Each structure stands twice: as C-alpha cells, then as structure tokens.
Amino acid sequence: MGTRCPYPDGLYVMIKDHPAIALLALLFSLGLGACSNDPGWGTGDGSDSDSDSDSDSDSDSDSDSDSDSDCDASGEGYWDAAWAEWECQVLDLTNQYRSQGADCGSEGNFAAAPPLVMQHQLREAARFHSEDMGIRSFFSHNSPGGPNGDTMTERIENAGYTDWQTIGENIAAGQTSPSEVVSGWMASDGHCSNIMSPAFEEIGVGYAYIAGSPMGHYWTQDFGTQY
C-alpha cells in the first residue's frame with residue numbers, strides 16, 4: 001500500500017506506508033514536492049512527460065549493488081546500438097546538470113550532486129517500459145497487463161532491482177533527441193527534482209523508437225538507491 005499524491009499533469013509521488021520509514025517518507029516527499037501544483041511541461045506538439053517516485057526501507061533482499069562504471073553503448077546483444085548510444089547521451093546530460101546544481105522551481109534549489117551510475121537492471125526496466133509504451137500505444141507509469149509488471153515498482157523489481165531503498169521514474173514521448181528530452185525534463189519542476197535529487201545514486205535510461213506508434217520516440221529514466 002502507498003500514498004499517492006496527484007498532480008494536475010499526472011505527476012505523483014508514492015510513498016509506501018510503513019511506520020519504520022515515517023521520517024524518511026516525510027523528507028522524501030518534501031524533497032520531491034508531493035502534491036505540488038506543478039503544471040508539467042511540453043516541448044510543442046507531439047511531446048509529453050511524466051514523473052513518479054517511491055521510497056521504502058523494508059526489503060528482505062540481500063543482493064549486492066551491481067552497477068556499471070561506464071555506459072555500455074553496444075546494446076548488450078538485445079537492444080539497438082543506436083538507441084543505446086542515445087541512452088548514454090541522456091546519462092551524460094543528466095550528470096552535467098547534477099554537477100552544476102539547478103533551480104527546480106516549486107521543488108526548490110538543488111546543490112550539485114554526485115553523478116548517477118548507469119545500472120543494468122534499472123536500464124532493462126527503463127528500456128522495456130519505453131518499448132511497451134510504444135508498442136501498446138499508451139503513456140503512463142502504470143502498465144496494466146504489461147509483460148514486465150503493472151507498475152513502476154513491479155517493473156523495476158522484476159528486472160532484478162529488489163534491494164532498493166528509493167526509486168523514481170521520469171517518462172517522456174515525442175522528443176527526437178537526447179538534448180531535447182533532458183532539457184524538457186529540466187524545465188519541469190517535478191522531473192527536474194528527480195534528476196537533481198541526491199537521494200538517487202543509480203539510473204537506468206531506456207529509449208525506443210516504435211515506427212507507427214502515436215509518439216514515435218519513447219524515453220524512460222528509472223532512478224534508484226540500494227541498501
């Protein structure tokens with residue numbers, strides 16, 4: 001169970017209800033501006049975005065952190081290498097913003113934060129969500145009946161990222177380049193705060209181009225921190 005705070009554009013923060021993390025949940029929700037009046041953003045006709053986050057401190061998994069020190073642009077044998085290269089560019093641009101600090105409007109000013117590390121399980125979850133949105137022609141953090149889970153949390157855990165303390169997600173569709181999608185996210189308070197949050201240490205970026213789909217280009221950032 002969790003607490004969901006709606007935004008006018010569909011942005012929300014979901015905190016799992018657990019007494020042991022009352023303080024963490026409060027701090028996390030304040031940092032992400034739960035239930036703010038952020039109107040969202042758009043970069044013109046044919047583009048959209050949304051963000052989501054979740055925190056927890058009650059996990060039974062004992063798996064170790066498994067992060068990639070560099071960004072693999074090969075596609076790893078199952079993904080288009082050109083798509084993987086764009087994912088790496090999104091990572092680079094995201095970390096450039098984190099290195100500088102940013103004003104995220106209603107979410108507050110964020111100091112410079114350490115770079116995020118591309119994590120292969122988060123990347124897999126992000127990739128398959130971007131692909132699923134394009135194939136099934138929807139745009140949401142929820143993916144009922146999806147091949148990898150019905151929610152952000154299910155998709156991330158089904159990819160093997162189970163020992164998590166904090167997770168979050170940004171999605172976008174229609175933007176035709178890494179620079180366009182990252183600058184669009186940074187122009188939206190809620191997405192900006194996910195990118196800048198020092199609570200996140202790892203990231204997975206997933207890009208897919210689905211010909212004939214409503215938006216064509218689909219982007220997902222899955223953020224996380226493990227115990």
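The values are calculated or read from the model by the stated rules, or taken from the named source; none is laboratory data. Please read all numbers here as calculations on a predicted model, not as lab measurements. All Cβ positions, glycine included, derive from the backbone under ideal geometry; neighbour counts span all protein chains shown. To get the accessible areas, we keep the full protein, side chains included, count just its heavy atoms, and leave off ligands, DNA and RNA. Shrake-Rupley method; radii C 1.70, N 1.55, O 1.52, S 1.80 Å.
This table checks each residue for (1) out of contact with any helix residue (DSSP H, G or I) (no Cβ under 9 Å at 6 or more places or on another chain); (2) more than 19 Å from ILE203 (Cβ to Cβ).
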{"site": "ASP103", "(1), (2)": "no, yes"}
{"site": "GLY108", "(1), (2)": "no, yes"}
{"site": "HIS129", "(1), (2)": "no, no"}
{"site": "GLY146", "(1), (2)": "no, yes"}
{"site": "MET152", "(1), (2)": "no, no"}
{"site": "ASN170", "(1), (2)": "no, no"}
{"site": "GLN175", "(1), (2)": "no, no"}
{"site": "GLU180", "(1), (2)": "yes, no"}
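Every residue, every condition in (1) more than 20 Å from TYR227 (Cβ to Cβ); (2) assigned to a loop (DSSP other than H, G, I, E, B); (3) modelled with pLDDT under 95; (4) touching a His at 6+ places or on another chain (Cβ under 7 Å), yes or no:
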| site | (1), (2), (3), (4) |
| --- | --- |
| CYS88 | yes, no, no, no |
| LEU93 | yes, no, no, no |
| GLN96 | yes, no, no, no |
| ALA125 | no, no, no, no |
| PHE138 | yes, yes, no, no |
| ASP150 | yes, yes, no, no |
| ASN170 | yes, no, no, yes |
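Could you check SER183 against (1) open to solvent by 50 Å² or more (accessible area, probe 1.4 Å); (2) over 27 Å from GLN100 (Cβ atoms) and say which number it fails?
Looking at each condition in turn, SER183 falls short on (2).
Those residues that are small (Gly, Ala, Ser), surrounded by fewer than 21 Cβ atoms within 10 Å (Cβ to Cβ) and in contact with an Asp or Glu (Cβ under 9 Å, 6 or more places away or on another chain), I need them from the range 153-180; list them, please.
GLY160
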